[in-house]
Amino acid sequence: MSLKKAISTGLCISLLFTSGTPALAGSLNSTNTAQPPSYNYGVLDSTNLQSKLLLVEQSVYGQEQTGALLDRISRLETDFYGKTSSSKTALSDRINTLYSTMFDNSVRPSAITQMNGIEWFLSRHISIKSITDRLTTLETQIYGKPITGTLQKRMNDLAMLAYGNSDTKTPLIATTIPVDTLVKIKLVTPLNTETSKVGDKVKFQAAEDVIYNGQLIIAAGAPGEGVVTKVKSARNFGRNGEIDVDFQQIQAFDGTYIQTTLGDKAKKEIENLAMAAGASIAGIALLGPIGIVGGIFVNGKDIDLPTGTESYIQTKTPTNIYAIQTNLDDNFKVNTPPITEEESNSNSTDTSSNSDVNTSPSTTTENSSSSSSTDYNTNTSSSNNDISAENNIYDYEY
């Protein structure tokens, strides 16, 4: 009799700690609590000149370059424009010019916007690779080999093919991405409770376009970045592993980085995705039934999310951006499920700042979209990153 009682007790304890088939929504948790002070989860500060130069190099070459500061600036200018600025021009002005060219949409479409437009029109998705690699890939697909010349000229030549006429400018429309816009994503960085560590960067991409009023606001393939904030490996008594990821931001069509999170609405969408798939597809039904064989010695399951695992995130704040008009049907999802009054009040008081690597549109629209394209030839507004006309020696076709 005592043996039966012991077995029964062991089984009961095991069942208390045994979970069924948790979905991705329960494995990748949004981090809403204060972060451990020993880690810096922020993105690069785009007001710092050194950070600006690094961001330009990452966009053009895919990584930070080595060498003296002057040599790095001169290389960027030569590769992009075909010439360097005067030796009398301050280094800060030269960096600001490069940064403005790459990210600022207030006067003309930025290089990032232009590259996104070209790639999307020619292939219906964009890449997380550098501009140099993206141009090489497109040229090889179209011409059979990469084309020589400055990055600026190569982009302008492809733009003429992408837009089907002699206008090389990406036709942009000012619009706003509302708070709680849902974005379907797929992991680029695999996650595993046995190998992932707190502080690890997590790269991901938009799994599909986000179309609103026929406008492309986030393109399929758009890069995003987050950080691992908590990792717990599987333990005895059937306790499963945990990974908390702060999905910080994703790039809009115009290069603006939008603050994002794995919030309640995104988790609900993940649950719907899992239910529609019968909770059995890879990356959604992560953990199989654990069972109770072995009594109190049964182990929980570790989380293993391979590259390509799909999930959802949502935007944290309304963000002004530039989009392009398409003939595609809307797949825009916002405020699903319906926001409660308490959630609405919470959103309206959210004053957190956006960690953009580029400026927001200079034109703020009261409505969600504008009816006509922005004319960059007549736009006289300027951003804080612009430098005086006499120092800006470069001609822009886009």
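Cα-based Rg of the range 53-124 per 2.2 N^0.38 Å, rounded to two decimals?
Working: Rg = 13.1 Å, N = 72, 2.2 N^0.38 = 11.2 Å.
Cα Rg divided by the expected 2.2 N^0.38 Å: 1.17.
Could you please report the charge total around Asn331, scoring K, R as +1 and D, E as -1 over all other residues with beta-carbon less than 11 angstrom from its beta-carbon?
-2
Pairs Lys203/Lys230; Lys184/Lys333; Lys232/Lys268: which are spaced more than 19 Å apart, C-alpha to C-alpha?
Table pairs above 19 Å Cα-Cα are Lys232/Lys268.
How big is the shadow of the Cα convex hull of the range 74-205, averaged over all directions, in nm²?
Mean projected area for the range 74-205: 12.0 nm², to one decimal.
Got a sec to turn the phi values of the range 81-92 into Karplus ³J(HN,Hα) couplings, 6.51 cos²θ - 1.76 cosθ + 1.60 with θ = phi - 60°, whole Hz, x for Gly and Pro?
9, x, 7, 9, 7, 4, 5, 7, 6, 4, 4, 5
Do the alpha carbons of any pairs in Lys186/Lys265; Lys265/Lys316; Lys52/Lys197; Lys267/Lys316; Lys265/Lys301 sit beyond 20 Å of each other, and which pairs?
Lys52/Lys197; Lys265/Lys301
Lys and Arg at +1, Asp and Glu at -1: add these up for the other residues within a Cβ distance under 14 Å of Lys201 and post the number.
-1
Under 5 Å between amide hydrogens, which residues at least 5 positions from Val202 or on another chain qualify, with H placed 1.01 Å from N in the peptide plane?
Gly226, Val227, Val228
Starting from the Kirkwood Rh over alpha-carbon pairs, what translational D in µm² s⁻¹ does the range 154-206 have by Stokes-Einstein at 10 °C and 1.306 mPa s?
103
Any idea what the relative contact order of the range 39-155 is, in percent, if you count C-alpha pairs under 8 Å spaced at least 6 apart?
Computed value for the range 39-155: 25 percent relative contact order.
For Asn192, which sequence-distant residues (separation of 5 or more, or a different chain) have an amide H within less than 5 Å of its own amide H, given hydrogens modelled in the peptide plane?
Those qualifying (amide H under 5 Å, at least 5 residues apart or on another chain) are Leu305.
Residues with amide H under 5 Å of Tyr212's amide H, sequence separation 5 or more or different chain, H placed in the peptide plane at 1.01 Å from N; which?
Ile217
Starting at the first residue of the range 124-135, write each ³J(HN,Hα) from the Karplus equation 6.51 cos²θ - 1.76 cosθ + 1.60 with θ = phi - 60°, in whole Hz, x for Gly and Pro.
Per-residue couplings from phi come out as 6, 7, 10, 10, 8, 6, 6, 4, 4, 5, 5, 5 Hz.
Just flag the trypsin sites (Lys or Arg not before Pro) in the range 66-158 sitting in loop per DSSP whose Cβ has no more than 15 other Cβ atoms within 10 Å.
Of the trypsin sites (Lys or Arg not before Pro), the ones in loops of the range 66-158 whose Cβ has at most 15 other Cβ atoms within 10 Å are Lys83, Lys88, Arg124, Lys129.
How long is the range 111-176 along each principal axis, judged by its Cα atoms, biggest number first, in Å?
Rounded to whole Å, the extents work out to 37, 27, 20 Å.
Read the figures in this text as sums done on the coordinates, not as results from a lab. On a predicted model such as this, the values are computed, not experimentally measured, just so you know. Note that each Cβ is placed from the backbone with ideal geometry, even for glycine, and that neighbours are counted across all protein chains shown.
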